[in-house]
Amino acid sequence: MCGIIGYTGEKRAAPLVLEGLKRLEYRGYDSFGIAVVSDSDLWVWKKRGKISQVNPPVLRRKGRTAIGHTRWATHGEPSDANAHPHTDCRGTIAIVHNGIIENYASIRRELEGRGHTFRSETDTEVIAHLVEEHFWGDLLSAVRAVLPQLEGSYAILAVAGGNEGIVAARKESPLVIGVADRACIAASDVTAILEHTDRVVYLEDGDVATLLPSGPTIWHGGEQADRPVRKVDWDVAEVRLGGFAHYMQKEIYEQQSVFSSTVRALYAEPIPDVLKDFSGITLVACGTSYNACLFCQYLIEEYCGIPVRAEIASEFRYRTPPGGDLVVAVTQSGETADTLSALKQARMHNHPTLAVTNVLGSSITRLADYTLFMRAGPEISVAATKSFIAELAVFFYLADVMGGGRLRKSVLSGHEAIGEALLQDISPAVDLCRGAQSIFFVGRGPFFPLALEGALKMKEITYIHAEGYAAGEIKHGPFALLSHKTPVIALSPPGETFPAMVSNIREMKARGVPLIVIGDGNSQELRDIADVLIPLPDGDMVSAVLGAAVLLQLLAYRTAEALGREIDQPRNLAKSVTVE
Ligand code: AGP
């Protein structure tokens with residue numbers, strides 16, 4: 001959830017680390033801090049709040065090694081004291097950490113018993129004090145001595161005044177090392193490294209590394225370990241705003257090319273063997289990725305006749321997937337803790353596993369038997385948009401190849417519907433939503449998961465209460481909440497669900513709701529009844545689904561914009577949820 005970065009090289013490190021933190025701020029934005037090392041000293045500066053709000057004095061320090069952290073609070077409120085880096089009693093060792101030290105309370109008691117003084121409420125601070133007890137000038141040895149005592153997950157960067165370079169360690173939290181010209185950069189993800197280099201090394205669980213300007217040396221279980229240097233195919237321009245007001249807006253407008261790049265790349269590969277021998281599919285995911293999985297359930301069952309279950313990853317441990325099921329874990333980041341746990345559990349029960357992710361080298365790719373990659377490029381906005389479209393692209397591809405090729409033509413032209421949706425004027429709908437206290441999103445069949453996703457997007461970035469419902473279900477209780485103050489967004493494409501949707505729409509309209517219909521633009525019936533009718537792109541189910549998904553994203557984005565919200569970094573959230 002937090003972002004960490006470290007630089008050691010020939011340039012002044014603090015400004016580079018601060019720039020890197022800005023790139024990582026989407027991982028957490030409660031507070032941030034930097035430690036700079038010189039030949040003999042260590043300076044630490046940390047502050048509650050977002051990076052853009054201050055100009056840290058630590059930038060004046062001339063050291064060529066620095067580490068930094070941007071926080072999403074788990075242990076202890078967001079405050080200056082709880083911000084990282086954390087230091088030992090003497091202030092000579094500094095640590096930044098992403099993850100959770102589960103046994104920190106007992107370690108802290110023991111350390112306090114031995115006379116250590118703590119300054120924060122965090123789990124991380126115990127690491128600094130433990131390292132202090134083992135540090136006699138060799139930081140690598142000290143960190144290695146401490147790691148076996150830590151239970152939980154961590155990506156750690158450690159520095160010490162007068163000590164050259166950075167020591168890094170990883171267990172179940174992402175950590176990537178960029179290998180640049182006379183510099184080494186470690187970070188939670190590559191978005192913070194791309195400014196320096198596209199050559200990276202992904203650390204494995206249990207790895208410890210020393211980073212020097214000349215490059216990294218990696219150790220695993222006492223032995224030196226060889227890890228391949230890989231080339232990242234993301235471009236630095238992709239992590240810049242490039243004239244857009246927000247990353248979310250940029251990412252919504254990238255979706256045409258994201259969809260077509262993803263399907264073209266998938267069709268260019270041979271069909272993975274893992275897709276050839278199973279009796280059913282269990283999909284596991286969280287949040288937006290889960291909503292995509294719910295959609296997949298309708299799609300694959302309809303086109304392939306294969307039983308499919310979509311499970312919320314954090315609930316998967318309480319369910320038993322049928323024997324013979326292929327378990328598919330879907331995660332944009334590849335680092336979501338609940339999804340990783342679900343996949344581990346599936347492996348324990350000997351299910352074949354497939355990962356669907358956007359991030360090369362992410363943890364999920366190491367766990368699954370096989371990985372299908374989306375081609376969404378870096379997604380910076382906390383609200384997932386283009387990764388949702390990329391996930392739909394993967395599912396359309398799977399339904400097509402497992403269902404005998406019936407969808408291919410529609411899938412290959414799906415990007416056109418996205419383009420059409422992006423051109424729609426949705427201002428009247430935004431006007432109806434921006435003053436609402438509560439909004440209901442309804443749909444039937446494959447459009448029910450889209451209604452859930454529309455509601456998730458709306459609540460996440462506008463802070464307006466929003467709920468998604470199966471349209472037929474709304475009169476079984478939620479009807480009690482409907483009034484002229486609760487706009488309803490009804491997804492009503494032409495086709496099988498249309499007549500029943502129109503009945504549901506009439507029932508809701510009779511309760512006085514402001515009614516926005518995203519649906520069949522040729523229907524006089526819808527035109528007569530809707531306060532606002534936003535036409536879906538002409539075409540088949542694929543076009544209607546993609547069009548509706550994009551229109552719902554635009555509606556949330558434009559409503560949040562009208563309300564002046566912090567769209568890319570909504571309150572209390574973080575991009576990648578690496579704790580259970
Ligand atoms: C959606 O806008 C959120 N960012 C969130 O629900 C997200 O989809 C969820 O945390 C899962 O993330 P993942 O796809 O990286 O696993």
Practice task
Tally the residues that are in contact with a Lys or Arg (Cβ under 9 Å, 6 or more places away or on another chain) and more than 17 Å from GLU25 (Cβ to Cβ), restricting the search to the stretch 234-243.
Solution key: 2
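I'm trying to understand the selection: among the residues of the stretch 250-306, which are polar (S, T, N, Q), surrounded by fewer than 24 Cβ atoms within 10 Å (Cβ to Cβ) and either assigned to a helix (DSSP H, G or I) or not assigned by TED's automatic domain parsing to the domain that holds ARG347 (or both)? Even if it seems obvious, please write down each step before you answer.
So the first thing to find is which residues in the stretch 250-306 are polar (S, T, N, Q), and the list is 255-257, 260-262, 279, 282, 288-289, 291, 297.
Remaining after also requiring surrounded by fewer than 24 Cβ atoms within 10 Å (Cβ to Cβ): 256-257, 260-261, 279, 288, 297.
Across the stretch 250-306, the qualifying residues are GLN256, SER257, SER260, SER261, THR288, GLN297.
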Practice task
Filter the stretch 281-307 for residues that are touching a Gly at 6+ places or on another chain (Cβ under 7 Å) and aliphatic (A, V, I, L, M) and give the result.
Solution key: ILE306
Exercise for the section: Name, by its number, the condition in (1) touching a strand residue (DSSP E or B) at 6+ places or on another chain (Cβ under 7 Å); (2) at pLDDT 95 or above; (3) more than 11 Å from the ligand (Cβ to nearest atom) that does not hold for GLU391. Expected result: (3)
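Can you name every residue in the stretch 262-283 that is of a type outside the set (A, V, I, L, M, F, W, C) and within 20 Å of the chain's Cα centre (by Cα)? Reasoning before the result, please.
As a first pass, look at the stretch 262-283 and keep what is of a type outside the set (A, V, I, L, M, F, W, C): 262, 264, 267, 269-270, 272-273, 276-277, 279-280, 282.
Selection gives THR262 alone.
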Handout entry: Residue match in the stretch 130-153 (condition: assigned to a strand (DSSP E or B), among the hydrophobic types (A, V, I, L, M, F, W, C) and assigned by TED's automatic domain parsing to the domain that holds ILE185)
Key = no
Exercise for the section: Tell me, please, whether a residue that is polar (S, T, N, Q), touching a helix residue (DSSP H, G or I) at 6+ places or on another chain (Cβ under 8 Å) and over 24 Å from ILE364 (Cβ atoms) can be found in the stretch 222-242. Expected result: no
Handout entry: Verdict on LEU515 being in contact with a Gly (Cβ under 9 Å, 6 or more places away or on another chain) and closer than 30 Å to GLN256 by Cβ
Key = no
Problem - Hey, GLY20 in a helix (DSSP H, G or I) and either buried (at least 24 other Cβ atoms within 10 Å of the Cβ) or without any contact (Cβ under 8 Å) to a residue 24 or more places away in the chain (or both) or not - result: yes
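Would you call VAL176 under 32 Å from the mean Cα position of the chain (by Cα), over 17 Å from THR87 (Cα atoms) and assigned by TED's automatic domain parsing to the domain that holds GLY33? Outline the logic, then answer.
Numbers: under 32 Å from the mean Cα position of the chain (by Cα): yes; over 17 Å from THR87 (Cα atoms): yes; assigned by TED's automatic domain parsing to the domain that holds GLY33: yes.
It is true that VAL176 is under 32 Å from the mean Cα position of the chain (by Cα), over 17 Å from THR87 (Cα atoms) and assigned by TED's automatic domain parsing to the domain that holds GLY33.
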Problem - Conditions (1) surrounded by fewer than 23 Cβ atoms within 10 Å (Cβ to Cβ); (2) without any contact (Cβ under 8 Å) to a residue 60 or more places away in the chain; (3) over 22 Å from the mean Cα position of the chain (by Cα); number of the one not met by ALA209 - result: (1)
Problem - Every residue from the stretch 321-344 that is within 28 Å of PRO378 (Cα to Cα), more than 9 Å from the ligand (Cβ to nearest atom) and of a type outside the set (A, V, I, L, M) - result: SER341, LYS344
Practice task
Quickly run through the stretch 160-193 and pick out the residues that are over 15 Å from GLY334 (Cα atoms), touching a helix residue (DSSP H, G or I) at 6+ places or on another chain (Cβ under 6 Å) and not hydrophobic (A, V, I, L, M, F, W, C).
Solution key: ASN163
Completion exercise
Over the stretch 259-296, the set of residues touching a residue at least 60 places away in the same chain (Cβ under 8 Å), small (Gly, Ala, Ser) and within 16 Å of the ligand (Cβ to nearest atom) is GLY287, SER289, ALA292
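Looking at this structure, is GLU125 surrounded by fewer than 23 Cβ atoms within 10 Å (Cβ to Cβ) and either under 30 Å from the mean Cα position of the chain (by Cα) or more than 21 Å from SER576 (Cβ to Cβ) (or both)? Reasoning before the result, please.
Working: surrounded by fewer than 23 Cβ atoms within 10 Å (Cβ to Cβ): no; either under 30 Å from the mean Cα position of the chain (by Cα) or more than 21 Å from SER576 (Cβ to Cβ) (or both): yes.
No: the conditions fail for GLU125.
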Problem - Flag for ALA399 being more than 12 Å from the ligand (Cβ to nearest atom), touching a helix residue (DSSP H, G or I) at 6+ places or on another chain (Cβ under 8 Å) and in contact (Cβ under 8 Å) with a residue 12 or more places away in the chain - result: yes
Handout entry: Residue, surrounded by the most Cβ atoms within 10 Å (Cβ to Cβ), within the stretch 168-183, restricted to residues that are among the hydrophobic types (A, V, I, L, M, F, W, C) and farther than 18 Å from ARG366 by Cβ
Key = ALA183
Practice task
Restrict the check to the stretch 213-230 and report whether at least one residue is surrounded by 19 or more Cβ atoms within 10 Å (Cβ to Cβ) and in the same structural domain as GLY9 (by TED's automatic domain parsing).
Solution key: yes
Handout entry: Contacts under 7 angstrom Cβ, first residue in the stretch 321-338 being free of Cβ contacts under 8 Å to residues at least 12 places away in the same chain and over 15 Å from THR353 (Cβ atoms), partner small (Gly, Ala, Ser) and within 13 Å of the ligand (Cβ to nearest atom), 6 or more apart
Key = none
Completion exercise
Counted residues in the stretch 76-127 being part of a loop (DSSP other than H, G, I, E, B), within 28 Å of GLU164 (Cα to Cα) and among the charged types (D, E, K, R) come to 5
Fill in the blank from the handout: In the set LEU452, LEU412, LEU422, the lone residue that is out of contact with any His (no Cβ under 7 Å at 6 or more places or on another chain), more than 18 Å from ILE534 (Cα to Cα), more than 16 Å from the ligand (Cβ to nearest atom) and hydrophobic (A, V, I, L, M, F, W, C) is LEU412
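The values are calculated or read from the model by the stated rules, or taken from the named source; none is laboratory data. Note that the structure is a prediction, hence the values are computed from the model and not measured. All Cβ positions, even for glycine, are placed from backbone atoms using ideal geometry, and neighbour counts span all protein chains on display.
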